[in-house]
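Data block below; observations after.
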C-alpha cells in the first residue's frame, strides 16, 4: 500500500516532467497526459481497494526523515484516512475528465503545453496537500487532535 501512496503522489510529477521535456508537439503531449492520467486513476483506485480490504485503517507512511537535530526530527509523512480517500478519489476523477476534455478542446492553441504543465503541477500539489501528514505534525504544541494519528 505504501508504494501505491507514493505512486499516487508522484505520477502527476512524472507527467509534468515528461511534458516539460517534450517538444511542443500536441500529439505527444496528449499521449503523455492520457497515459499519466489513466495511470493515476488506476493507482488511486488500486490504493482505495487495498485500503478497503484492510478495513479502512488510518494509514501512515513515513517515507524518510528530512532533518534530525537532537529530539527534533522532520519526517516526510504521508497519511490516508477516510476524508483524504474521498478527496483523492474526487480529485483524480475530475482530473481525468479535465484531461480527456482539454486534449481535444485546446487543439491548436498556443498555450497547449503550458496548460498541461499547469494542470499536472496543480494536481501534484493538491495530492501533496491531501496525503500530507506534515500539516498535522507541525502544530505549535506538537500534540495532535484525538481523531488523528501520532507523529
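Taken together, the values in this text are just the output of simple stated rules run on the coordinates, not laboratory data. Everything numeric here is computed off the predicted structure, so don't read it as measured data. Here Cβ is always computed from backbone atoms with ideal geometry, including for glycine, and neighbour counts include all displayed protein chains.
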The simple spin-label model distance between residue 23 and residue 107, using points 7 Å out along Cα→Cβ, in nm, is 2.2 nm
Helix 82-105 sits off the longest principal axis of the Cα atoms of the chain, rounded to the nearest 10 on a 0 to 90 degree scale, by 10 degrees
Quick note on 83, 98, 130, ordering by fewest other C-beta atoms within 10 Å, gives 83, 98, 130
Relative contact order of the chain (C-alpha contacts under 8 Å, at least 6 apart) in percent is 31 percent
Tilt, helix 112-131 to longest principal axis of the chain (alpha-carbon atoms), in degrees rounded to tens, equals 20 degrees
Note: residue 69 to residue 49 extended length (0.36 nm per residue) minus current alpha-carbon separation gives 3.4 nm
Between the modelled labels at residue 93 and residue 122 (7 Å from Cα along Cα→Cβ) the distance in nm is 1.9 nm
Tilt, helix 2-21 to longest principal axis of the chain (alpha-carbon atoms), in degrees rounded to tens, equals 30 degrees
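How fast does the chain diffuse by Stokes-Einstein, in µm²/s, taking the Kirkwood radius from C-alpha pairs at 25 °C and 0.890 mPa s?
So the translational diffusion coefficient is about 147 µm²/s.
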Per-residue ellipticity at 222 nm attributable to helices in the chain (runs of n ≥ 4 DSSP H, -39500 (n - 2.57) apiece, nearest 500 deg cm²/dmol) works out to -22000 deg cm²/dmol
Taking only the Cα positions of the range 36-92, the convex hull volume per residue in Å³ is 101 Å³
